[in-house]
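Asks: Before anything else, here's the structure in question.
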Amino acid sequence: MTAAGQPPSGEARIIPLARRPARRAAARPPAAGRPAATDPSPDAAQAGATVSPMGRMPTTGRPSPADGSPTDDASPADDASPAAGGAPSPDAGARTSKSRTASRSAANTASAASRKRPAGDAARVAELPDRSRGAKKPAADSARTSKTAEHVDGPASSATVDGDAKPTPRARRAAARGTTPAAATPASTGARKRTSTTRAGRPTPPAAEPTATGTGDATTATGGVGETDPVPAATAARAARIAPAADMAPTAGTAPPAVADTASPAGPGPASDTAVSTRRATATRAKPSAPEIAAAPGPDPATLPDVDAAPIADPAGLERALAGMLAFLRRRITGDYEVDELGFDADLTEHVIAPLLRPVYRGYFRVETRGLENVPDTGGALVVANHSGTLPVDALMTAMALLDHHPAHRYLRMLAADLVFSVPFLAPIARKTGNTLACQPDAERLLGKGELVGVWPEGFKGVGKPFSERYKLQRFGRGGFVSAALRTGVPIIPCTIVGAEEIYPMLGNAKTVARLLGLPYFPLTPTFPWLGALGLVPLPSKWLIEFGEPVDTSALTPAAAEDPMLVFELTDRIRETIQHTLYGLLMQRRSVFF
Amino acid sequence: MRPRRVLVTGVSRPLGADVARALAASPQIETVIGVDTVPPGDDLGRTRFVRADIRNPLIAKVIATAGIDTVLHLNLIANPVVAGGRAAMKEINVIGTMQLLAACQKSETVNRLVVRSTTTIYGSSSRDPALFTEDMEPRQLPRGGYGKDAVEVEGYVRGFSRRRPDIAVTVLRFANILGPGVDSPLARYFEFPVVPTVLGFDPRIQLLHSSDALAVLLRAAAGGHAGTFNVAGDGILLLSQAVRRAGRPPIPVPFPAVSSLSRLASRLRVVDFPPEQVGFLAHGRAVDTTRLREVFGYTPRYTTAAAFDSFVRERGLRPTIDPEQVVRAENLLLGLMARRRLVGAP
């Protein structure tokens, strides 16, 4: 549970979708014992679609023709288990994680497969003691065992590669046990690792959930082996159960080759007939998993190269980092860097500004990002978001979200108020980080160039509204952003930011001071200006940024921008979308600060 | 119709001289007449120089007697020091243009007018769009000096083209020109050993290499492209970046002090950076050159950065901070690190 529910801060934030379902799944540990077919919940369906270890698993149980090959030794139970087959494995629920991104159809097919699987395996395992009496059979079984053991190895290693989901000691033990007898073959582990690394980005801790059930089942498995244990085993559970079986029949000669084969079907299989057939079966079964991996939901924020994970630990890495820093300094001193015509300095943004904001983004506001798949990888798009927080920190965080967690690492080019460009020190920084004046020509220029443009149409009305009006959207400007999008034919992506309202709760507005300073408002917060500069420290609220379904404007001609009614309607629609998403997110939010 | 008899104003200054020389070298052109108040410093080929002040009606006689068909009006002075004071500069820029336009309006033979203008007319303010296109109005009109002159000149040119629609008028708005022979306030500015900048601001500047300016003027003289065009090198440089590329340490000066400093500088005849140009040092300016490339059909060979680098090279500016030293320092540090690793390894 610990690993499943509370992955260490870093990654879980990125896939907030995962968290609630995961928690829910974990909250019902007896899921394993649940009557089989009663739980074809969407969770399970989606879980099948996830590609992490589970996604691979269905292959084992897939009723492919090849499945028949080892069935010469299979008892009728193998076929007679449709009832048990309906049960989703508990970890399936836990792994709903990314599933929402998966297409429904994919989910359905995959889940169909996964529903069959556990039963088949369970049944096969159940046969073990009987068949171990036969001379030949143990080999086959241990082969299968080791194969399953590998599956354990898969998730376990993926968890470690992940560096995120710490496998609980139990999980590790289970994995170790699964691997010891058979999968110790380096080839197999290597192969597994490869697959698992491709998945390593998947932030849901895959090993965690299996552990919980795994040990529970393991005892029953070792004790009264088999019987009609219809428990749709979690990977670890099966491994744990099977491991002793492998010990029972340690036909050392046959087992390891079988394992090697599963890893690399091309490898020589000098084993007994059954082992060979198992191998063939596994090989064929293994195949379908490949397209499934390919069909993995597209944008996976967690697969992004983690900037913090730079190999600074080893001296060579340190040296490289230092050399990079020196090169950066050299570029800055000699002026050898590119600045685009709007004044955006990617070099500075990436090497100075982003590293400064990153800790605020991750550690301070703990920003969770959702719906990044709604932001296209290439081409222009207009991100329209609600504005709040007295100071436009929300714009910075949105830009960070798209830079760090979008698969294409997109720079968000923001449209800022003219005030920004007349304030010394702020003006050059704003331009260099990709801001430009919020005016029609600039917006259209950027969108036409295929840039991702961010706009906060509420402007000062939004960012400087009193705390009492928090999360109430203000008027959305004059709809200029809509006509810019219409003229350039780019999608409009509504973006909802929750958490920014609470960073500087604006209790009052010193209008006279504001007028004297030429500012649109002068905030009085609980800390500012009473505590001076200390009052500028924002409150550490917990943030959520959700990118919604894009509103496609390509169907409308640029002439539509001349139709004020249409522009107003579209503006209103986007405003409503954001307001509703705001309410939804606020309902889900447990507290302001956590 | 190809131009045959060309009148070039402002021929004694580098750009005018270059244009006159290039036109004179072209065999298709019968006559090139150069007009200026001072004799040109260098050889202009077969250009006939007429020492005339375009501020008096003499210019009309020149046009009439030579049967001029193309007028290149390049006599827009940016630097008051050259003209001998701000008042004289304004006389030359505005009254001179009026006289020239009056002469052209009377002329039977003139069928093409090319006017050199400047992007300064867009002004510089914090509310500027990132790039100005030719159709955009300045957010804040230049309040004095060169920019104001240019605005007035363009106003008269517009009036002229209304009255003589048969004459093709090309207005070329040049960005700041830098090049080997260019003596502009900006060129002087970058020649300082330390460069004063406005504290807290880092403007975008756009430059045009003098060879591109020449090519554009010749193309405009050759004809066929009436209209207004922004002319600038692609891309921009931030002032800080330019200063670094020149190897000059910048000295940030608070905004209010900049005006007085520039006034002091012009009093001391060090550089004349008119106080009204200070906005440029704070907010900069950049223009869109799409129309130049697509309608006018010319793509500048030098980008802004390349123009600046070549300026630094051709002027032989000795960098205060030598980039080679910086590279050497970097290599030294890298070497030290490598050595430390080698020593530490065994």
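Asks: Within region A:337-380, how many residues turn out to be within 30 Å of residue B:246 (Cβ to Cβ), away from every other protein chain (no Cβ under 14 Å) and not hydrophobic (A, V, I, L, M, F, W, C)?
Replies: Of the residues in region A:337-380, 3 are within 30 Å of residue B:246 (Cβ to Cβ), away from every other protein chain (no Cβ under 14 Å) and not hydrophobic (A, V, I, L, M, F, W, C).
Asks: Just wondering, is there one or more residues in region A:512-534 that are touching a residue at least 60 places away in the same chain (Cβ under 8 Å), touching a helix residue (DSSP H, G or I) at 6+ places or on another chain (Cβ under 8 Å) and not in a loop (DSSP other than H, G, I, E, B)?
Replies: No, region A:512-534 contains no residue that is touching a residue at least 60 places away in the same chain (Cβ under 8 Å), touching a helix residue (DSSP H, G or I) at 6+ places or on another chain (Cβ under 8 Å) and not in a loop (DSSP other than H, G, I, E, B).
Asks: Name the one entry in B:199, B:208, B:172 that is under 19 Å from residue B:254 (Cα atoms) and either within 12 Å of chain A (Cβ to nearest Cβ) or at pLDDT 90 or above (or both). Spell out how you get there, then give the answer.
Replies: Working: B:208 fails: under 19 Å from residue B:254 (Cα atoms); B:172 fails: under 19 Å from residue B:254 (Cα atoms).
Of B:199, B:208, B:172, the one residue that is under 19 Å from residue B:254 (Cα atoms) and either within 12 Å of chain A (Cβ to nearest Cβ) or at pLDDT 90 or above (or both) is B:199.
Asks: Does region B:110-119 contain any residue that is within 14 Å of chain A (Cβ to nearest Cβ) and under 22 Å from residue B:16 (Cβ atoms)?
Replies: Yes: region B:110-119 contains one or more residues that are within 14 Å of chain A (Cβ to nearest Cβ) and under 22 Å from residue B:16 (Cβ atoms).
Asks: Only residues in region B:195-218 that are crowded, with 23+ Cβ neighbours inside 10 Å count as the first member; pair them with residues that are assigned to a helix (DSSP H, G or I) and of a type in the set (S, T, N, Q), Cβ under 6 angstrom, at least 6 apart or cross-chain, and list the lot.
Replies: Cβ pairs passing all conditions: B:202/B:240; B:206/B:304; B:207/B:304.
Asks: Right, next: Residues B:295, B:278, B:343: which one is more than 17 Å from residue B:178 (Cα to Cα), free of Cβ contacts under 8 Å to residues at least 60 places away in the same chain and not charged (D, E, K, R)?
Replies: After ruling out the rest, the residue left standing is B:343.
Asks: Here's another thing I want to ask about it. Of all residues in region A:313-336 being assigned to a loop (DSSP other than H, G, I, E, B) and more than 8 Å from every other protein chain (Cβ to nearest Cβ), which is nearest to the chain's Cα centre (by Cα)?
Replies: Residue satisfying both the conditions and the ranking: A:313.
Asks: For region B:217-250, enumerate the residues that are more than 10 Å from chain A (Cβ to nearest Cβ), of a type in the set (A, V, I, L, M, F, W, C) and part of a helix (DSSP H, G or I).
Replies: B:217, B:218, B:220, B:221, B:222
Each row is one residue, and each column tells you yes or no for (1) touching a Cys at 6+ places or on another chain (Cβ under 9 Å); (2) surrounded by 14 or more Cβ atoms within 10 Å (Cβ to Cβ); (3) away from chain A (no Cβ under 14 Å).
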{"residue": "B:284", "(1), (2), (3)": "no, yes, no"}
{"residue": "B:296", "(1), (2), (3)": "no, yes, yes"}
{"residue": "B:311", "(1), (2), (3)": "no, yes, no"}
{"residue": "B:318", "(1), (2), (3)": "no, no, yes"}
{"residue": "B:321", "(1), (2), (3)": "no, yes, no"}
{"residue": "B:330", "(1), (2), (3)": "no, yes, no"}
{"residue": "B:333", "(1), (2), (3)": "no, yes, no"}
{"residue": "B:338", "(1), (2), (3)": "no, no, no"}
{"residue": "B:341", "(1), (2), (3)": "no, no, no"}
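Asks: Given (1) under 22 Å from residue A:572 (Cα atoms); (2) within 14 Å of another protein chain (Cβ to nearest Cβ); (3) touching a residue at least 60 places away in the same chain (Cβ under 8 Å); (4) not in a helix (DSSP H, G or I), where does residue A:414 come up short, assuming only one miss?
Replies: Tallying (1) under 22 Å from residue A:572 (Cα atoms); (2) within 14 Å of another protein chain (Cβ to nearest Cβ); (3) touching a residue at least 60 places away in the same chain (Cβ under 8 Å); (4) not in a helix (DSSP H, G or I), residue A:414 fails exactly one: (3).
Asks: Right, something else. Can you tell me which residues in region A:417-451 are hydrophobic (A, V, I, L, M, F, W, C), crowded, with 21+ Cβ neighbours inside 10 Å and facing chain B (nearest Cβ under 9 Å)?
Replies: A:421, A:427, A:437, A:446
Asks: Kindly indicate which of A:273, A:345, A:308, A:314 is at pLDDT 80 or above and of a type in the set (Asp, Glu).
Replies: Going through A:273, A:345, A:308, A:314 in turn, the sole match is A:345.
Asks: Identify, by number, the condition in (1) closer than 24 Å to residue B:213 by Cα; (2) touching a Pro at 6+ places or on another chain (Cβ under 8 Å); (3) at pLDDT 90 or above that residue B:89 doesn't meet.
Replies: Residue B:89 satisfies all of (1) closer than 24 Å to residue B:213 by Cα; (2) touching a Pro at 6+ places or on another chain (Cβ under 8 Å); (3) at pLDDT 90 or above except (3).
Asks: Residue check: is residue B:309 at pLDDT 90 or above and touching a Ser or Thr at 6+ places or on another chain (Cβ under 6 Å)?
Replies: no
Asks: Output the residues belonging to region B:175-196 that are under 19 Å from residue B:287 (Cα atoms) and within 14 Å of chain A (Cβ to nearest Cβ).
Replies: B:175
Asks: From the list A:391, A:357, which residue is assigned by TED's automatic domain parsing to the domain that holds residue A:461, of a type outside the set (Phe, Trp, Tyr) and either closer than 27 Å to residue B:286 by Cβ or not in a loop (DSSP other than H, G, I, E, B) (or both)?
Replies: A:357 is the lone residue from the list that is assigned by TED's automatic domain parsing to the domain that holds residue A:461, of a type outside the set (Phe, Trp, Tyr) and either closer than 27 Å to residue B:286 by Cβ or not in a loop (DSSP other than H, G, I, E, B) (or both).
The values are calculated or read from the model by the stated rules, or taken from the named source; none is laboratory data. As the structure is a prediction and not an experimental result, all values here were calculated from the model. As a convention, Cβ positions derive from the backbone with ideal geometry for all residues, glycine included, and neighbour counts pool all protein chains shown.
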